[in-house]
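The values are calculated or read from the model by the stated rules, or taken from the named source; none is laboratory data. Note that the structure is predicted; figures quoted are calculated from it, not measured. We place every Cβ from the backbone using ideal geometry, glycine too, and count neighbours over all the protein chains shown. To get the accessible areas, we keep the full protein, side chains included, count just its heavy atoms, and leave off ligands, DNA and RNA. Shrake-Rupley method; radii C 1.70, N 1.55, O 1.52, S 1.80 Å.
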Amino acid sequence: MFDLVDIKDLITKYANITAEIAKVHVEVVNADLKRVAGTGFFEDFVGDDISNWGEVYKYVLRTGKRQIITNPRENDLCKKCPNKKQCHETLEISTPIKVHDEILGVIGMVCTNEESKKNVLSNLNSYLEYLDQIADFISAKVIEMMEEENEKAIVNMLELIMKNMNQGAVIIDNQGNIDMINPSAKKQLGINRIIGNEKIQLNETGDTVNNYKEYSLVIKGKKYLVYGDIYDIRNNQRYSKMLLFRGNKQISSDIYSMTSTVHAGGTELILGDSKEVKRLKAGINKIANSKSTVLITGESGTGKEMVATAIWKSSNRSEERFVAINCASIPEALLESELFGYVKGAFTGADPNGRIGKFELANKGIIFLDEIGDMPLYLQTKILRVIQERTITRIGSNRVIPLDIRIIAATNKDLRQMIDEKKFREDLYYRLNVIPITIPPLRERRQDIEILVTEFALRYSRLMEKTIIKIMPETMERLKRYNWYGNVRELENVVEFMVNMMEDGILDDETLPKSFDKEMKKDYVDEGMVTNLKVLEMNEIERAMKFYPNTTEGKSMMAKDLGIGIATLYRKIHEYGLN
């Protein structure tokens, strides 16, 4: 079996590079448990025989399996160790060094404080991948030990490690040039060609966002913002430092994928064949590619977010992000930080790692400010400035971030009245209302109700694994007569209830909520007024005629609900001249 001691100098270089990059203690032992190389507190004990106490390494050498010890001194493998009382380790990762089926030794990564342990565990997969690569390359050097070009071997090792890393990696030489750059870095920076000996300017902006430091890179006159860490490579004649990073786009994409709950489609998801819906769809297609702000107004439940996402999916920004924020659902004290983001130490109680705000997250795409009428006045001023200047500044930062963004706002409130009441800024209203879109309430487009009922019934029957045979005509007529003050959302809730109550695949009056009749009667009753009975009768018949279909079946249902015979209804209609 090959002895790792024979390439001690080379292994020491690997250990030092690993220690500098990972900021941990590193040691390598051979198959006889002799310490071949060590950094940090192992450095003064290189050459020692640790066979009397290296219980974890013994296990790795015996089984060939990596060990991650998060509870030194308490782990079963540590209980036999005679030095466990003197052990100051907080974390130990031990990886076997193999050549084919032979185990030549172990490389160990050790933390001695809780902060270092926390950092390693938070990026565990990257550290494990890195250790595996180091172990593999030590094994490769055993096979290639006759080669005298040790510097070239180190370069090859670093290149292969970098190519297999998901993070972007740039190694900078002592002259401040790019020595190596991995494929992930090229992809994130949008660099297609191979860069060799290109000058790089690298500066820390001072901002920390989502646990990453922010850096400004300038390569061939082009500026990039990335998030990561710089690791100094000391005592090396060729290399100065390594930058490991993620680009702004990747960071934003990771956050977006974790937080986005938007289920979007184009205008095809806006159901209905009324002239109002056709006009709405045509308007969306007409203004989709505009950069102008849009203000969507409509009663609660009319589908304002669906209209906003339809604009997005129909636009030339459909491949970018759609970021929605409900201004009414977030406490006023948190809304500003949610919109603009903040950096480390921005205010008491803030996430110490900083956070990217919704505006920055939506850059290049669309931000949807729902319930804009509930935004506090002081924030309205800041939103106005964003619209005018197309820039933001994170809370606690001085760096101005340019935006290429389209703003869509929505409200169910009367903003004109709020302006009169000094609750909404008039200048912001005009900035938002460049393209106004009004969604009609469901009661003004009753012919769409049947389409919506059918769609919701099918959707919830599939969800509940039920089969719908039919919807009774009289039940559909009752649904069409109802005023739906909660609009499409209320209709959907009622249909969901009906499908739950359905038996034998029939949706009929028995499946309707018990409160349905009571709510319908409220639509026809004016309380607190004394009126001539004849006038009252005429008014009630006239009102009922607006709600019931002008068919024989509709007249029959109207007479029944009014409590009179069908012949009497026809006579009254003729008598009052209502036909």
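Take the residues of the range 231-241 that are open to solvent by 50 Å² or more (accessible area, probe 1.4 Å) and not acidic (D, E): which is modelled with the lowest pLDDT?
Here is the first cut: in the range 231-241, the ones open to solvent by 50 Å² or more (accessible area, probe 1.4 Å) are 232, 234-235, 237-238, 241.
Checking the rest, the ones that are also not acidic (D, E) come to 234-235, 237-238, 241.
Details: R234: 66, N235: 59, Q237: 66, R238: 74, K241: 84.
Only one residue fits best here, namely N235.
Are any of the residues in the range 245-256 surrounded by 17 or more Cβ atoms within 10 Å (Cβ to Cβ), modelled with pLDDT under 80, within 23 Å of the chain's Cα centre (by Cα) and of a type in the set (D, E)?
No, because not a single residue in the range 245-256 is surrounded by 17 or more Cβ atoms within 10 Å (Cβ to Cβ), modelled with pLDDT under 80, within 23 Å of the chain's Cα centre (by Cα) and of a type in the set (D, E).
Can you name every residue in the range 534-578 that is open to solvent by less than 70 Å² (accessible area, probe 1.4 Å) and small (G, A, S)?
Of everything in the range 534-578, those that are open to solvent by less than 70 Å² (accessible area, probe 1.4 Å) and small (G, A, S) turn out to be A544, G554, S556, A559, G563, G565, G577.
Test Y342 against the criterion of being among the aromatic types (F, W, Y) and free of Cβ contacts under 8 Å to residues at least 24 places away in the same chain, and give yes or no.
Against the criterion (among the aromatic types (F, W, Y) and free of Cβ contacts under 8 Å to residues at least 24 places away in the same chain), Y342 does not qualify.
Return the pairs, sorted by first residue and then second, in which the second residue is of a type in the set (F, W, Y), the first residue lies in the range 365-392 and is open to solvent by 10 Å² or more (accessible area, probe 1.4 Å), the beta carbons are less than 9 Å apart, and the residues are 6+ apart or on different chains.
Matching pairs, first to second residue: L377/F424; K382/F340.
From the list R73, R62, which one is over 22 Å from F137 (Cβ atoms), open to solvent by 40 Å² or more (accessible area, probe 1.4 Å) and free of Cβ contacts under 8 Å to residues at least 12 places away in the same chain?
Only one candidate qualifies: R62.
How many residues are part of a helix (DSSP H, G or I) and either over 30 Å from D3 (Cβ atoms) or open to solvent by 20 Å² or more (accessible area, probe 1.4 Å) (or both) if we restrict to the range 102-122? Don't jump to the end; show me each part of the working.
Taking the range 102-122 and keeping what is part of a helix (DSSP H, G or I), we get 114-122.
From the residues that got through so far, the ones that are either over 30 Å from D3 (Cβ atoms) or open to solvent by 20 Å² or more (accessible area, probe 1.4 Å) (or both) too are 114-119, 121-122.
Qualifying residue count, the range 102-122: 8.
Just to confirm my filter: which helices (runs of 4 or more DSSP H) fall fully inside the range 397-507 and include at least 3 residues that are open to solvent by less than 60 Å² (accessible area, probe 1.4 Å), closer than 30 Å to E320 by Cβ and of a type outside the set (K, R)?
Qualifying helices (runs of 4 or more DSSP H): 426-432, 487-501.
For (1) open to solvent by 80 Å² or more (accessible area, probe 1.4 Å); (2) in contact with a Lys or Arg (Cβ under 9 Å, 6 or more places away or on another chain); (3) farther than 22 Å from P72 by Cα; (4) not in a helix (DSSP H, G or I), each residue gets a yes or a no:
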{"position": "K8", "(1), (2), (3), (4)": "yes, no, yes, no"}
{"position": "I11", "(1), (2), (3), (4)": "no, yes, yes, no"}
{"position": "Y14", "(1), (2), (3), (4)": "no, yes, yes, no"}
{"position": "I17", "(1), (2), (3), (4)": "no, no, yes, no"}
{"position": "V26", "(1), (2), (3), (4)": "no, no, no, yes"}
{"position": "D32", "(1), (2), (3), (4)": "yes, no, yes, yes"}
{"position": "V36", "(1), (2), (3), (4)": "no, yes, yes, yes"}
{"position": "F41", "(1), (2), (3), (4)": "yes, no, no, no"}
{"position": "V56", "(1), (2), (3), (4)": "no, no, no, no"}
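Specify the residue that is nearest to R489 (Cα to Cα); the eligible residues are those in the range 299-308 that are out of contact with any strand residue (DSSP E or B) (no Cβ under 6 Å at 6 or more places or on another chain) and open to solvent by less than 40 Å² (accessible area, probe 1.4 Å).
Top of the filtered list is G301.
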